[in-house]
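Notes follow once the structure below has been shown.
A short reminder: the numbers here are calculations on the coordinates, not readings from a lab. Predicted model only: the values in this text are computed from it and were never measured. Glycine gets a Cβ as well: all are built from the backbone with ideal geometry, and neighbour counts include every protein chain shown.
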Amino acid sequence: VLVVGGGASGTQHLLELAPYAAATTWVTRRPPVFREGPFDENAGRAAVALVEERVRRGLPPKSVVSVTGLPLNDAIRAGLESGVLDRLPMFDRITEEGVEWADGRRVAADVILWATGFRPVIDHLAPLRLREAGGGIRVEGTRAVADPRVHLVGYGPSASTIGANRAGRAAVRDIRRLLAEQEPVAA
């Protein structure tokens, strides 16, 4: 089994699959960054603030793990020590037998599990002209600054299950307020 992805999902999949698979291989675009210590409420707020600051400037959000790091807990330490979490760089092509790198190195794989996380897929919004010069959509809360009628729940700082739930509630309140401000059209 080859697992692609440098976030928590990728490492969790590897640790769960390793005892059952004939072999596992971990592939990521960038070397993983591990974080010591607890990830408490303050650390969570700081991570969300980093993402929020980028989207306020109109830049695309980075991946969640780029601002949180991977927690270095007992399971991760065991995975590192056993070699299960021995990361390889991203391969260059998929072959019938598995994957291959430009230098000729090959890894056989029956399964490729893509644990690549949240990606801001916003190309379909191009006709709305919401993108800033930096390539992202500038948002305040969930509202697109360029058009307050557009809300992006799950984009930027709300790109997590907890964040999206909170952002969804905030978006509903904001949309209700927006709709209440508009006068009904006379028939």
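Oblate is the label for region 38-130. Its Cα gyration tensor axes, ordered a ≥ b ≥ c, give a/c of at least 1.5 and b/c at or above a/b.
Working note: Karplus 6.51/-1.76/1.60 with θ = phi - 60° gives region 139-151 the couplings 10, 10, x, 10, 7, 5, 4, 5, 8, x, 7, 9, 10 Hz, where Gly and Pro are set to x.
Beta-bridge orientation, the chain: approximately 50 percent antiparallel, per DSSP, counting only bridges with both partners inside. In this label model, Val150 and Glu81 are separated by 5.1 nm, measuring between points 7 Å along each Cα→Cβ vector. Ellipticity at 222 nm from helices only: DSSP H runs of n ≥ 4 in the chain, each -39500 (n - 2.57), divided by the residue count, give -10000 deg cm²/dmol. Over the chain, how many percent of alpha carbon pairs lie in each 10 Å bin up to the one with the longest distance? Once binned at 10 Å, the Cα pair distances of the chain give 8, 28, 28, 21, 10, 3, 1, 0.
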